[in-house]
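Data block below; observations after.
The values are calculated or read from the model by the stated rules, or taken from the named source; none is laboratory data. If you're wondering where the values come from, they're calculated on a predicted model, not measured in any experiment. All Cβ positions, glycine included, derive from the backbone under ideal geometry; neighbour counts span all protein chains shown.
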Amino acid sequence: MRVLLLKDVYKLGRAGDVKKVADGYGRNFLLPQGLAVLATPGAMKQVERIRSSATEQRVRLNTELGAIAERLNGLQLVFPVKAGETGKLYGSITPGMLADAIEQASGAKVDKRQIDCQPIKALGVHKANIRLTIDLVPSVAIVVHREGEAPETAFAETAAAQVSEREAEAFAELSADLEAAEKAEDEAERKARKSKRSEGEEPDEAAET
């Protein structure tokens, strides 16, 4: 479905933009939240007014929140937690917990819905973007380390996880190459058998002529 955005929507577009979105996303979220309307001919006549109004509001918000964005960008939040031997947490660090930690560390109040981050369930250093406005999206670092150990150990956990991820990617790539090679070999054998059958038939055909 095509919709006309009435407000700025993170990772989608700015007010006044016309976007094609999935029906479910449009009908279940954008339309009922007042973030967009169907892009009908009547609605399209309001595009310039919507853009102008949104630009004024965006400039005002960016000015008001600019100092907060600077304060938050690069902020490091440290969470000592209990975790198993594999690095998985007993529980998780939720956006609500991050919002509380941000307020405690910086004095800035942030709604948990503005935090672009899934619940954190593993040791390591994680990143979360804070959606203050469509233009102001500071990022914070979340350092999750095992209770009783130094916060620096979280960086080692992240490095180890990255190595494991690269190894997994390399294994997957190797498996795909082997599978492709096997398919190519099977195809070559199939063609060879077909060619042999064709060659065996040719003398009979020649004899008949």
For region 22-58, name all the residues that are of a type in the set (Val, Ile, Thr) and exposed (fewer than 12 other Cβ atoms within 10 Å of the Cβ). Thr40
Does Gly87 count as small (Gly, Ala, Ser) and modelled with pLDDT under 95? yes
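Residue-wise test of (1) within 30 Å of Gly66 (Cβ to Cβ); (2) modelled with pLDDT of 80 or more.
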residue	(1), (2)
Leu132	yes, yes
Val143	yes, yes
Glu147	no, yes
Pro151	yes, yes
Ser164	no, no
Ala176	no, no
Glu182	no, no
Within region 110-130, the count of residues that are within 19 Å of the chain's Cα centre (by Cα) and assigned to a loop (DSSP other than H, G, I, E, B) comes to 3
Among the residues of region 98-128 satisfying the criterion of being of a type in the set (S, T, N, Q) and in contact with a helix residue (DSSP H, G or I) (Cβ under 9 Å, 6 or more places away or on another chain), which is surrounded by the fewest Cβ atoms within 10 Å (Cβ to Cβ)? Gln118
Cβ contacts < 8 Å: first residue farther than 16 Å from Glu48 by Cβ, restricted to region 8-21; second residue surrounded by fewer than 18 Cβ atoms within 10 Å (Cβ to Cβ) and among the hydrophobic types (A, V, I, L, M, F, W, C), any location; separation 6+ or different chain. Result? Val9/Leu35; Tyr10/Val137; Lys19/Leu12; Lys20/Met1; Val21/Met1; Val21/Leu12
What's the total number of residues in region 12-21 that are surrounded by 12 or more Cβ atoms within 10 Å (Cβ to Cβ) and part of a strand (DSSP E or B)? 3
Of all the strands (runs of 3 or more DSSP E) wholly in region 32-109, which have at least 1 residues that are within 18 Å of Ala128 (Cα to Cα) and hydrophobic (A, V, I, L, M, F, W, C)? 76-81, 88-93
Against the conditions (1) in the same structural domain as Ile130 (by TED's automatic domain parsing); (2) more than 30 Å from Thr153 (Cβ to Cβ); (3) surrounded by 13 or more Cβ atoms within 10 Å (Cβ to Cβ); (4) not hydroxyl-bearing (Ser, Thr, Tyr), where does Val9 fall short? Just the number, please. (1)
Being under 19 Å from Thr55 (Cα atoms) and touching a strand residue (DSSP E or B) at 6+ places or on another chain (Cβ under 9 Å) is the filter here; which residues of region 22-42 pass it? Leu35, Ala36, Val37
